[in-house]
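Have a look at the structure below, then the notes.
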Amino acid sequence: MTDDIVASVVRQWQAVNPGLDTGPMELIGRINRCAALLQQAEDAPLRSAGLTRAEFDLLGAVRRTDRELTPGELARETFSSGAAVTKRLRALQERGLMDRRGDERDRRVAHVRLTEEGRALVDRLLPEQLAYERAVLSGLDDEQRGELSSRLSELLVQLEGRLGGARR
């Protein structure tokens, strides 16, 4: 197997500073590089439907919870800022994929739901998106994917505990 870009960067650092512990860079650098490559590739099924990953995450959050959500709940479900959720909701409403209604008791609260078109789009796109993601990961066998998923889950739990961002 050939070296990845992170191995090259680590070698360069070790050449100029041989005593430097590059262990954290080797893990975090690879995680960041994988994330960047996955984002660059974008999500073909989503892109073909004219959606960004962030917009699909909003649609998916409402679909998987199977109930109306407030914009604040959507922000928590998708780890997004309130401003970002508001902007995405507006775009999704304009496309007829989501709608919102005011709360009968508190006019400051809105409830967001999928339209029939939005529900149908999520139900059609999710299997396509999962097939795309399966193809992206096809270089790993089932055991490798399971091991990687388990290790990343362990890291995520630790980071959420120390750095915040854990789901409530």
*Just to be sure, is Glu143 of a type in the set (Asp, Glu), over 19 Å from Asp43 (Cβ atoms) and at pLDDT 95 or above?*
yes
*Output the residues belonging to region 28-48 that are exposed (fewer than 12 other Cβ atoms within 10 Å of the Cβ) and more than 15 Å from the chain's Cα centre (by Cα).*
Ser48
*Report, by residue number, each residue of region 104-130 that is of a type in the set (A, V, I, L, M) and in contact (Cβ under 8 Å) with a residue 24 or more places away in the chain.*
Val109, Ala110, Val112, Leu114, Leu121, Val122, Leu125, Leu126
_Ala83 being surrounded by fewer than 12 Cβ atoms within 10 Å (Cβ to Cβ) and either under 19 Å from the mean Cα position of the chain (by Cα) or in contact (Cβ under 8 Å) with a residue 40 or more places away in the chain (or both)_ = yes
_For the condition surrounded by 13 or more Cβ atoms within 10 Å (Cβ to Cβ) and of a type in the set (S, T, N, Q), what is the one hit in Thr22, Thr2?_
Thr22
_Need pairs with beta-carbon distance below 9 Å; first residue within 15 Å of Leu27 (Cβ to Cβ) and within region 143-167, second modelled with pLDDT under 85; sequence gap 6+ or separate chains._
Leu159/Gly165
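The values are calculated or read from the model by the stated rules, or taken from the named source; none is laboratory data. As the structure is a prediction and not an experimental result, all values here were calculated from the model. Cβ atoms come from the backbone with ideal geometry, glycine included; neighbour counts cover every protein chain shown.
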